Amino acid sequence: MQRKNDDIPDVKPAPAAVNYDERRIEPRVPHRAIIVMPFGDEVESRFEEAEMLDCSLHGIGLLIRRPLRPRTRFFVKLRLTKLALVIYEVKHCTQTDDGYRVGADLKGVSGSDTDREASAEAILTALLKS
């Protein structure tokens, strides 16, 4: 079941002038289009396009068309040794003029035995090649 933004109290509109905190743990790398699929209770699970705004060893920043609550998990389709689904968990979701900006943490990989053991470095390298 898809919910409206009003039904999701953890999604906040972006302020007019955004002042991002630059105390980042890891450097971010800008990027491009990817395929994602949110999953879990009360989430409509379907593959959809998203824009990867940036990525790091343990996180990803996306621009998507619908809001996601913090702690919602989603897959990112990615080729490691084979096609794999990398699992991320939403930390924050902010409404913007272009959609919803999502920041998420890396949680694991669903795929072949080899891919499930992939390092954060291997995942970052694959994201940058996608």
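Derivation of every value follows stated rules applied to the coordinates shown; laboratory data play no part. Computed from a predicted structure; not experimentally measured. Methodologically, a virtual Cβ is constructed for each residue, glycine included, from the backbone with ideal geometry; neighbour enumeration extends over all protein chains shown.
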Worksheet entry | Pairwise FRET efficiency - Leu128 versus Arg65, Cβ, R0 = 25 Å, nearest 0.05 | 0.60
Practice prompt. Would you please state the base-10 log of I(q)/I(0) at q = 0.16, 0.21, 0.25 1/Å for the range 38-130, with intensities from the Debye formula using one equal scatterer on every alpha carbon?
Written response: -0.61, -1.03, -1.39
Fill in: Leading residue at positive end of dipole, the range 37-118 (Cβ point charges), from Thr114, Leu68, Leu78
Thr114
Worksheet item: Once label points are set 7 Å from the Cα along Cα→Cβ at both His58 and His92, what is their separation, rounded to one decimal in nm?
Response: 1.7 nm
